[in-house]
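Data first, discussion second: the structure below is written as structure tokens.
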Amino acid sequence: MEENIYAAVDRYIRERLGQENEALIHARQSIQQYQLPDASVSANQGKFLSVMVKCCGAKRILELGTFCAYSTIWMAQALPADGKIVSIEADPLHAAIARENIAFAGLSDKIEVRHGDAFEILEQLEAEKQHPFDMFFIDADKPPYAEYMLWTRRLGRVGALVIADNVIRNAQVLDKSSVDVKVKGVQRLNDMLADSADFTATILQQVGIKEHDGMVIALING
Ligand code: SAH
Ligand code: DHB
Ligand code: MG
């Protein structure tokens, strides 16, 4: 079968600019090994996240939704020596696989996986005064995306970068009468951003080897 044009271009970019090192290959292979549905970002999206880390000079990053730590490792490898990522994961198996992948990558001192529900851990991080964070990657369950976005204002510094994955969902966001809770969740976020003075935001529409989707790219306003 002829390769989809977007997949072919994705591969073209990946072969030049999205090469995975051993740690990333190991993390990606763990997803297959455990026969999990691949919810991780693509290699090119991982590279995009790593460019963003460097671009905003992030030292402290908070990720919601670790899965097998594929995106986490991409971001961690772009951090300076004193940089740190806290990544939240509710599923115990995912958290265990992530920790193994992070250890294999030699990044256990840079990445802390916190196992638990995102809201619980967000409360914990605030109570422990782990903030402010310089960058956020929101990629956990989609129904509370708008609430996760509001949490970034509590835990982020002014000017912090917030990226939220999967906010276009194969153009299902266009369907105002969608009953899909994931679609409704991201619609609520996108509509909230349209009316918000708290964020300067856009959505980057994405095609490639994954489904047609998009990422919110937002700055926390002062
Ligand atoms: N960021 C990862 C992919 C994350 S997939 C990558 O790109 O490599 C989404 C993850 O969010 C799953 O592992 C899922 O278990 C986790 N998740 C779902 N609901 C959650 C919740 N309420 N709190 C924390 N994690 C959650
Ligand atoms: C799923 C979650 C994601 O964040 C993603 O990028 C793709 C799939 C999922 O839960 O299936
Ligand atoms: Mg995602």
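Observations on the model:
- A count restricted to the stretch 24-35 and to residues that are open to solvent by 70 Å² or more (accessible area, probe 1.4 Å) and among the small types (Gly, Ala, Ser) stands at 0.
So that you can scan it fast, the table gives a plain yes or no per residue for (1) of a type in the set (A, V, I, L, M, F, W, C); (2) within 16 Å of ligand 2 (Cβ to nearest atom):
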| position | (1), (2) |
| --- | --- |
| TYR145 | no, yes |
| LEU155 | yes, no |
| VAL158 | yes, no |
| ASN166 | no, yes |
| ARG169 | no, yes |
| VAL173 | yes, yes |
| LYS176 | no, no |
| VAL181 | yes, yes |
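- Criterion: over 26 Å from VAL183 (Cβ atoms) and either of a type in the set (A, V, I, L, M, F, W, C) or modelled with pLDDT of 95 or more (or both) - qualifying residue of SER71, SER50, SER42: SER50
- Neighbours by Cβ (under 7 Å, 6+ apart or cross-chain): first from the stretch 117-133, more than 24 Å from GLY159 (Cβ to Cβ) and open to solvent by less than 50 Å² (accessible area, probe 1.4 Å); second within 16 Å of ligand 3 (Cβ to nearest atom) and assigned to a helix (DSSP H, G or I): none
Here's the yes/no breakdown for (1) under 19 Å from VAL207 (Cα atoms); (2) not aromatic (Phe, Trp, Tyr):
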{"position": "GLU22", "(1), (2)": "no, yes"}
{"position": "TYR34", "(1), (2)": "no, no"}
{"position": "ALA43", "(1), (2)": "yes, yes"}
{"position": "VAL53", "(1), (2)": "no, yes"}
{"position": "ALA76", "(1), (2)": "no, yes"}
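- Selected residue (criterion: nearest to ligand 1 (Cβ to nearest atom)) from residues of the stretch 149-159 that are closer than 14 Å to ILE217 by Cα and touching a Leu at 6+ places or on another chain (Cβ under 7 Å): MET149
- Qualifying position, being more than 27 Å from VAL113 (Cβ to Cβ) and not β-branched (Val, Ile, Thr), among ARG154, ARG188, ARG169: ARG188
- Matching entry among ILE209, ILE203 (being open to solvent by 30 Å² or more (accessible area, probe 1.4 Å), within 16 Å of ligand 1 (Cβ to nearest atom) and over 24 Å from ALA90 (Cα atoms)): ILE209
- Just so you know, in the stretch 167-204 the residues that are touching a strand residue (DSSP E or B) at 6+ places or on another chain (Cβ under 6 Å) and polar (S, T, N, Q) include one that is farthest from ASN221 (Cα to Cα), and it is THR202.
- ASP180 fulfils the conditions (1) within 15 Å of ligand 1 (Cβ to nearest atom); (2) open to solvent by 30 Å² or more (accessible area, probe 1.4 Å); (3) of a type in the set (Asp, Glu) except for a single criterion, (1).
- Residue in the stretch 36-55 that is more than 16 Å from ligand 3 (Cβ to nearest atom), open to solvent by 40 Å² or more (accessible area, probe 1.4 Å) and outside any helix (DSSP H, G or I) present: no
- In the stretch 146-222, counting only strands (runs of 3 or more DSSP E) that sit wholly within it, the ones holding 1 or more residues that are of a type in the set (D, E, K, R) span 156-164, 213-220.
- Filter pass, ILE73 being over 22 Å from LEU189 (Cβ atoms), surrounded by 24 or more Cβ atoms within 10 Å (Cβ to Cβ) and free of Cβ contacts under 8 Å to residues at least 40 places away in the same chain: no
The values are calculated or read from the model by the stated rules, or taken from the named source; none is laboratory data. As the structure is a prediction and not an experimental result, all values here were calculated from the model. Neighbour counts run over all protein chains shown; Cβ positions are idealised from the backbone, glycine included. Only protein heavy atoms, including side chains, enter the accessible area calculation; ligands, DNA and RNA are left aside. Shrake-Rupley method; radii C 1.70, N 1.55, O 1.52, S 1.80 Å.
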